[in-house]
1. What's the magnitude of the charge dipole for the chain around its Cα centre, counting Lys and Arg as +1 and Asp and Glu as -1 at the beta-carbon? Answer in Debye, nearest 20.
2. Of all trypsin sites (Lys or Arg not before Pro) in region 128-189, which ones are in loop regions per DSSP and have a Cβ with at most 12 other Cβ atoms within 10 Å?
3. Taking the Cβ-Cβ separation of LEU270 and SER98 as r and a Förster radius of 30 Å, what is the calculated FRET efficiency to the nearest 0.05?
4. To the nearest 0.05, how large is the calculated FRET efficiency for SER328 and ASP284 if R₀ is 51 Å and r is the Cβ-Cβ distance?
5. Note the angle between two axes, namely the Cα long axis of helix 333-342 and the longest principal axis of the Cα atoms of the chain, as a number of degrees from 0 to 90, rounded to the nearest 10.
6. If you fit an axis through the alpha-carbon atoms of helix 183-195 and take the longest principal axis of the Cα set of the chain, what angle between them do you get, 0 to 90°, nearest 10?
7. Near LYS195, which lysines are there with a Cα under 16 Å away, not counting those fewer than 8 places off in the same chain?
8. Between 0 and 90 degrees, rounded to the nearest ten: what's the tilt of helix 159-174 against the longest Cα principal axis of the chain?
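Every read-out reported here was derived from the displayed coordinates using simple, explicitly stated rules and does not represent laboratory data. Since the structure is predicted, the reported quantities are computational estimates derived from the model, not experimental observations. Here the Cβ positions follow ideal geometry from the backbone for every residue, glycine too, while neighbour counts run over all protein chains shown.
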Amino acid sequence: MMTETGFISDLAIPPGEYLEEILEDVEISQAELARRMGRPSQAINEIVKGEKSITPETALQLEQVLGVSAQFWSKLEADYRLVLAKEQQLEEVKKEESLLSNFPYLELNKLGLVEKTKDRVKKVISLRRFFGVSSLHNIKTVKEFAPAFRQQEKDTVSHESLASWLRAGHVIAENSKVEVFSKSKLESYLPELRKLTNTVEPNELITEIKRILAECGVVLALVPAFPKSYTTGATFWLGKNKAVIMMSMRGAWSDIFWFSLFHEIGHILLHDKRVTFLENGKQDDQYQKQEREADEFAQVSLVPTEKYNEFLRESDFSSSAIKYFSDSIGIFPGIITGRLQHDKKLLHSMHYHRVRYKWNI
């Protein structure tokens, strides 16, 4: 009888072809094999043609008749079916090449999150792996990315680009080690975070913020804004013990950075862990209410309401007055200018003490 040999191929070769070769070697006809196995001749012929699978029961019968192990036949069949499936998948991948222009592939590659290649088929496969989906069409149905498809800030927003940005944050957060989340610890660190507003060097600043947040069980994931994503920040949870703040560093004004950071911290301390808060996300009343609460948290945490109201009553919003007031409450003066501009107490062309950070991300 025939002996077993290794058989690995990328070609879709039906196991029946190998069976036919064995039958020729041992000079047994298909009809004779059928009689020895107690099977219809048509069934054997269909196996030879690749029209019928070799089942475990058939593999055992072939082992008994031909002396080639059932494991060998089963593996041959499984390999064949897998190659067929890969060929079918390749056809499906090619159909998704037209979707590539919707995704910020270059930006994802710069972050090391997808393969560097010019091959469009490989790009689709790499994106599928990045998102953890079997088809790019499935992305919008995955809970993790759903907020990106509700974002409505601009008609020109790319939901796929925004979903890519969110996924990048998830990947970074999953690989970041932090302490178990502690609400009380985060609350106790707010004054220390607030003092950091006076730190001028931005990269030193980020190092300190990451350290403090990590001690509280919060990951700060910095992912540059992708084309047409139009977002500044997001907040979500990985499990119950790891909170994540994403920031795109969109724009460079220090006061906007600090307001955004405390806004996201507000979501962590005040709101449901099951919700992903994405800037300009949902439009329903409950979501907007929570956004307003996070705004108020950021405003009060950075500039105490009573102190701010006293300052407003003085009606002196000169550069020196802003500096004096900011020193009295221990915060960077550019934050006061930004607040006054937001409240329409100061023209947006008057940038007293405002600075732009130069991020190294």
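1. Details: 48 positive and 51 negative charges, 298 e Å.
That gives the chain a dipole magnitude of about 1440 debye.
2. Numbers: sites: ARG128, ARG129, LYS140, LYS143, ARG150, LYS154, ARG167, LYS177, LYS183, LYS185; in loops: LYS143, ARG150, LYS154, LYS177.
Filter output for region 128-189: LYS143, LYS154, LYS177.
3. Efficiency for this residue pair is about 0.10.
4. Details: r = 40 Å, r/R0 = 0.79.
The value I calculate is 0.80.
5. Between helix and principal axis, roughly 80 degrees.
6. Result, in degrees: 50.
7. Here the lysines satisfying the reach criterion relative to LYS195 are LYS210, LYS323.
8. Value to nearest ten degrees: 90.
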